[in-house]
Amino acid sequence: MSRQFFCAVVVAASFLGPTSVHAQSAKLPVASPQATIPDAETIEITRKRANEGNPIAQFNMGVYAEKGWSMPVDMVAARSWYLLACEQGHIKAQFNLALMYLLGEGGPEEPLNAVKYFTLAADQGDAPAQNNLGIMYEGGNGVPKNAKLAFSWYLKAAGAGNVASQVALGSMYRTGRGTERDAAKAAGWYLKAAEAGNALAQERIGYLYATGQGVVRDPVASAKWTGLAKEAGVRITTVTD
């Protein structure tokens, strides 16, 4: 599984472009100022604080090493810095380290450690980590497939506003994977994600409005949502499919 897949899915509404590394992971953009690449002085100050045990500085050193900001890219060092920050409960370090374990960056692929650190972050309320656990358990990526566990993690992430998980929940409720079939709940989650701009969800809710599954049949609403999905390049499912 590629970094792009997990990054694109994990981010949902906001996964592209770096944020301030002093507040968030460079992999998990949120509504925050664009990161400034640190100069040599900043690197040395951060390194000193990291060596003194400051978890934020340790995390930042991991980001600098991973991104090659003012230093050569060094994935082994990045993994080591993230691990130190993880030992003190730094959520974004836990996420980044889990992703490195999952993809074999800076060392061998270690899916069980990926699950471990995604879970540590997820248990602290990190929605992207919760979403990634859902992906792993749903697809059997490094762990045995478990639709019920996937559903439970998606539900937590979706409740926190993770759009990718909202789409996944819509699919699971519609097909009865990991939970009982519930067309109304499927439509509700698709609609939330569609309103957040997710094109796949727009296509799905458009189809449900066209067929009256989980919602009152509404050709006007169907045309609205399928039109938006089509503009985004999503293949439109016909009512006869």
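Only the coordinates and a few stated rules stand behind these numbers; no lab work does. Only a predicted model underlies this, so the values are computations on that prediction, with no experimental measurement involved. Cβ sites come from the backbone with ideal geometry, for glycine too, and all protein chains shown count toward neighbours.
Excluding residue 70 itself, calculate the net charge of residues whose Cβ lies under 14 Å from the Cβ of residue 70, where each Lys or Arg counts +1 and each Asp or Glu counts -1. Around residue 70, the charge tally is -3. Working note: Karplus 6.51/-1.76/1.60 with θ = phi - 60° gives region 213-222 the couplings 9, x, 9, 5, 4, 8, x, 5, 5, 4 Hz, where Gly and Pro are set to x. Label sites at residue 218 and residue 236, each approximated as a point 7 angstrom past Cα along Cα to Cβ, lie 1.8 nm apart.
Of the cross-linked pairs 116/156; 185/224; 92/145, those separated by over 23 Å at the C-alpha level are 92/145.
Normalising the Debye intensity of region 128-241 to I(0), with uniform scatterers on Cα atoms only, and taking log10 at q = 0.14, 0.22, 0.23 Å⁻¹ returns -0.54, -1.12, -1.18.
In whole angstrom, note down how far apart the Cα centers of region 86-103 and region 177-196 are. First find each Cα centre; the distance between them is then 30 Å. Counted by neighbouring Cβ atoms within 10 Å, the residues 109, 180 run from fewest to most as 180, 109. Other residues within the sphere of radius under 13 Å centred on the Cβ of residue 116, judged by their own Cβ, net out at -3 (K and R +1, D and E -1).
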